[in-house]
Amino acid sequence: MTSNIANQSANDDHGNSANTPNHDDGGKAIAIFINTREFTVHQKRLTYQELVDLAYPGDVPSPEKVYEITYSSEHGPDGKVGVGGDVKLKEGMVFHVGLTNRS
């Protein structure tokens with residue numbers, strides 16, 4: 001089961017309405033972009049799994065699925081988030097979450 005941790009600013013690709021936030025650590029609203037979609041979050045950090053859940057809602061995690069997560073921000077260095085990791089959020093951060101091939 002995945003949790004909805006962000007508000008999408010617009011309808012998703014299937015015409016569904018925005019997610020309802022239920023993971024709020026009391027922080028201010030931060031706009032981030034994941035795979036070109038804008039999300040508003042209220043956390044100071046997001047984990048690898050939370051980013052995957054936002055990028056691929058409803059996807060069932062499995063050991064065979066490994067995602068590569070990269071990010072960029074005009075307020076700091078670019079980077080990657082690995083399995084089990086997390087990242088401190090900054091306004092306007094851009095994330096790319098993609099499924100990789102395991103060899």
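Nothing in this text is a laboratory measurement; each read-out follows from the coordinates by a stated rule. None of the values given here were measured: they were computed from a predicted structure. So basically every Cβ, Gly included, is an ideal-geometry build from the backbone, and we count neighbours across all protein chains shown.
Peptide packing for 88-95, 74-81, 54-61 was compared via the average number of neighbouring C-beta atoms within 10 Å per residue; ordered from the highest value, the list is 88-95, 54-61, 74-81. In this structure, the amide hydrogen of G85, modeled 1.01 Å from its nitrogen in the peptide plane, lies closer than 5 angstrom to those of Y48, counting only residues at least 5 positions away or on a different chain. Is the shape of the range 22-78 best called rounded, prolate or oblate, per the rule: a/c under 1.5 gives rounded, else a/b larger than b/c gives prolate, else oblate, with a ≥ b ≥ c the square roots of the Cα gyration tensor eigenvalues? It comes out oblate by the Cα gyration axes.
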